[in-house]
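Computed from the coordinates by the stated procedures, all read-outs in this text should not be read as laboratory data. Note that the coordinates shown come from a computational prediction; the quantities given were computed from them, not determined experimentally. Because the Cβ atoms are built from the backbone with ideal geometry, glycine has one as well, and the counts that use them run over all protein chains shown.
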Amino acid sequence: MEDWRVAWIALSLTRHIGGKTLRALLDHFNNDPLAILNADSAGLQQVRGVGTSIARTIAQLDLQRV
């Protein structure tokens, strides 16, 4: 499976990331789920609805386990 698809699936299944937050993340990162996963905590927290807890959760996602 393509990496961007795996990244999208991982994000969509992540606890505390609902539809609105996922849409905000995708809008902020030009619809690139891999860019979201590669972003640093400060960059993620620029997105409305993303705080330290969600940023930390995203940073810990492991695409190998999806």
Evaluate the charge dipole of the chain about its Cα centre and quote only its size in Debye, nearest 20, assuming +1 on the Cβ of each Lys and Arg and -1 on the Cβ of each Asp and Glu. 320 debye
Using a basic spin-label model with each label point 7 Å from the Cα along Cα→Cβ, how many nm lie between T52 and R65? 2.2 nm
Taking the chain on its own, what percent of its Cα-Cα pair distances exceed 19 Å? 17 percent
Estimated [θ] at 222 nm from DSSP helical runs (n ≥ 4, -39500 (n - 2.57)) normalised by residues in the chain, nearest 500: -15000 deg cm²/dmol
Angle between the chain longest axis and helix 19-28 axis [Cα atoms, degrees, rounded to 10]: 90 degrees
